[in-house]
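**Student:** Below is the structure I would like to discuss, written out as structure tokens.
Derivation of every value follows stated rules applied to the coordinates shown; laboratory data play no part. From a predicted model like this one, the values you see are computed outputs, not experimental measurements. FYI the Cβ positions are ideal-geometry reconstructions off the backbone, even for glycines, and counts take in every protein chain you see.
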Amino acid sequence: MIFRRFLFAFALAFLPFAAFSSEASAQSAIPAGVHQLLAHMSKAWADRNLDDVMRDFHPDFKSIGRDRAAQRKFYEEQLFPYIKQWDMSLGSFRQEGNIAHVMLNIRTEKGNIPFPTQLILDKGRWYFYGNRE
């Protein structure tokens, strides 16, 4: 039961990633900046560098009621202590203007989680934008 609660909380959080591969070839062409964002996030998470992880979050990030500061606190208290490794793949990618709607497939040592979220292109750079709820 505790494990299921953890996975649910993990799924609700917007996660950074330790590895990235694209499975979205049939969807919109994926900009190079998106691959760069995910690669940077992967390295920051693998290095366990929370400051670097948070650099990839837009200042207006919002996900399930968490702003950027609350998301950082969630990672620091709830994820970094328990999740050491995960692999992420892009299940779908659809861009509308400067917003991309993505489905992330996250595989951790604790289980697999599909996670829909958004990215934003701002001043020539892609950022994690959250699910906007």
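**Student:** What is the dipole size for the stretch 78-133, taken about its Cα centre, with +1 at each Lys and Arg Cβ and -1 at each Asp and Glu Cβ, in debye to the nearest 20?
**Tutor:** 80
**Student:** Multiply the residue gap between ALA39 and LYS123 by 0.36 nm, knock off their C-alpha separation, and tell me the result in nm, one decimal place.
**Tutor:** Between ALA39 and LYS123, full extension yields 28.3 nm more.
**Student:** Between ALA29 and ARG94, 0.36 nm times their residue separation minus their Cα-Cα distance comes to what?
**Tutor:** The ALA29-ARG94 span can extend by a further 22.6 nm.
**Student:** Using each residue's phi in the stretch 63-77, evaluate 6.51 cos²θ - 1.76 cosθ + 1.60 at θ = phi - 60° and report the 3J(HN,Hα) Karplus result to the nearest Hz, with x for Gly and Pro.
**Tutor:** In residue order, the calculated couplings are 8, 6, x, 9, 8, 4, 5, 5, 5, 4, 4, 4, 4, 4, 8 Hz.
**Student:** May I pose another question? Between GLU109 and ARG48, what is the label-to-label distance in nm when each label sits 7 Å out along the Cα-to-Cβ direction?
**Tutor:** Computed distance between label sites GLU109 and ARG48 equals 1.1 nm.
**Student:** Using unit Cβ charges (K, R positive; D, E negative) and no other charged atoms, how large, in debye to the nearest 20, is the dipole of the stretch 47-99 about its Cα centre?
**Tutor:** Computed charge dipole of the stretch 47-99: roughly 140 debye.
**Student:** Hey, another quick one. Using a Förster distance of 25 Å, how high is the FRET efficiency between LYS84 and ARG132, based on the Cβ-Cβ distance and rounded to 0.05?
**Tutor:** 0.30
**Student:** Separate question: Sort all Cα-Cα distances of the stretch 28-96 into consecutive 5 angstrom bins from zero, then give the percent of pairs in each bin up to the one containing the longest distance.
**Tutor:** Taking every Cα pair in the stretch 28-96, the percentages come to 3, 14, 22, 24, 23, 10, 3, 0.
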